[in-house]
Amino acid sequence: MQRFLVRVHRWIGIVLFAYVALICLTGSALVYRPELFRYFEPQPISVPVRAAMLSDAQLLAAAARAFPGEEATAVWPAHEPSHAVEVELVKGEDVRGHLFDPYTGQALRHAIPWDFWAVSKLLELHTDLLGGDSGRLLNGALGLGLLFMALTGVLVWRPNKPRAVSASTGRKPRSLRRWHMTVGIGSAVAVAMWGLTGFNLAYPDVLMAVVDYFEPFDEMNPVERVGDKVSYWFAYLHFGRLGGYVPGCGRGDGCDQAFKALWAAVALLPAFLAISGFMLWLRGRRAKARVRAMAGLE
């Protein structure tokens, strides 16, 4: 049974190696998603105020000349005379905005700067693997792999055996396998939590169906159910946003920032486990190849 669980753990890890590394690295950064969006929030572009602004028709014509492959469909005026205006450009099903000088018609830059766009794409990559609704469902299903990895990892874990002391350093060397097992057992609860909460975020109807079964919603007495609170806490735990929900820990204070820093750091551990596990698998394959090669020479 132990050998079977080791194989299951190994092959789930190999299949999900790239996914786990990707989802955990992006998740670590997105613990600070509100701060990132605020920092990179698009700001108005200032332009010199001149005698008269161009009309909407003139701005649309200027946009058509600047981007002949796209159709200029609308002008969104600025709130201040010294700010650039946004012109909506359409190409097929793609719609975007571009900023123009309302006095000269000069094209300035994309309405969404690259840094804000990058954070948005990072969130999209973590949420739905850049695949829309289908990617979100796939992401939730793969997230269960984290849960199974944690469970099988706990079942196959063995305490480290005493290690020999290195003659050169006087210390007991720690192998990659020992680091993998130590980090794995230490982060098993967090990994299982992210797998379960990630699945719930992609498939919220599953938990709600369970809640409705055990606690049917009473329209005559619409109070918050225990299952509703569990669903909320799944979201809080997944993103590490505990400020305002834990007694004595307010939003934005030192306690809240400490929780976020902890979540961002711990979120990197599954990525280490995925990479180290893959390296151990490659090392094992090379060792078996050497053994077969030596056996063939005999």
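The values are calculated or read from the model by the stated rules, or taken from the named source; none is laboratory data. What you see is a predicted model; the values in this text were computed from it and never measured. Counting neighbours? That spans all protein chains shown, and the Cβs are built from the backbone with ideal geometry, glycine included. These accessible areas exclude ligands, DNA and RNA; they are computed on the full protein's heavy atoms, side chains included. Shrake-Rupley method; radii C 1.70, N 1.55, O 1.52, S 1.80 Å.
Structural descriptor for the chain: relative contact order 23 percent, calculated from alpha carbon pairs under 8 angstrom and at least 6 residues apart.
Against the chain, whose longest principal axis is taken from its Cα atoms, helix 17-30 shows a tilt of about 50°. Taking VAL15, VAL90, VAL230 as the candidate residues, the one with maximal mean-square fluctuation in a Gaussian network model of the chain, Cα springs under 10 Å, is VAL90.
Suppose R0 equals 30 Å. What FRET efficiency, 1/(1 + (r/R0)^6) with r the Cβ-Cβ distance, do SER175 and ALA261 give to the nearest 0.05?
So the FRET efficiency works out to roughly 0.55.
The angle separating the long axis of helix 176-186 from the principal Cα axis of greatest extent in the chain is about 70 degrees. The portion of the accessible surface of the chain made up by carbon and sulfur, rounded to a whole percent, is 64 (1.4 Å probe; DNA, RNA and ligands excluded).
Using a simple spin-label model with pseudo-atoms 7 Å out from Cα toward Cβ, ILE275 and VAL8 lie 2.9 nm apart. Ordering of 57-69, 192-204 by packing is 192-204, 57-69, highest average first (other Cβ atoms within 10 Å, averaged per residue). Taken as Cα centroids, region 124-146 and region 242-290 sit 19 Å apart, rounded to the nearest whole angstrom. Rounded to the nearest 10 degrees, the inclination of helix 2-15 to the longest alpha-carbon principal axis of the chain is 20 degrees. Taking only the alpha-carbon positions of the chain and ignoring solvent, what does the Debye formula give for the base-10 log of I(q)/I(0) at q = 0.08, 0.12 Å⁻¹? Debye intensities relative to I(0), on a log10 scale: -0.58, -0.97. At full extension, ALA64 and GLU41 could sit 5.6 nm farther apart than now, given 0.36 nm per residue minus the alpha carbon distance. Averaged per residue, the chain has 62 square angstrom of accessible surface, using a 1.4 angstrom probe with ligands and nucleic acids left out. For LYS229 and ASP205, a Förster radius of 22 Å and the Cβ-Cβ distance give a FRET efficiency of 0.80, rounded to the nearest 0.05. A Gaussian network model of the chain, with springs between Cα atoms under 10 Å, assigns the largest mean-square fluctuation among GLY184, GLY131, GLY277 to GLY131.
Roughly speaking, what is the stretch gain from VAL189 to CYS249, that is 0.36 nm per residue apart minus the C-alpha to C-alpha distance, in nm to one decimal?
Working: separation 60, 0.36 × 60 = 21.60 nm, distance 2.24 nm.
Going from the current span to full extension adds 19.4 nm.
Summing charges over all other residues whose Cβ lies under 13 Å from the Cβ of GLU71, with Lys and Arg as +1 and Asp and Glu as -1, gives -1.
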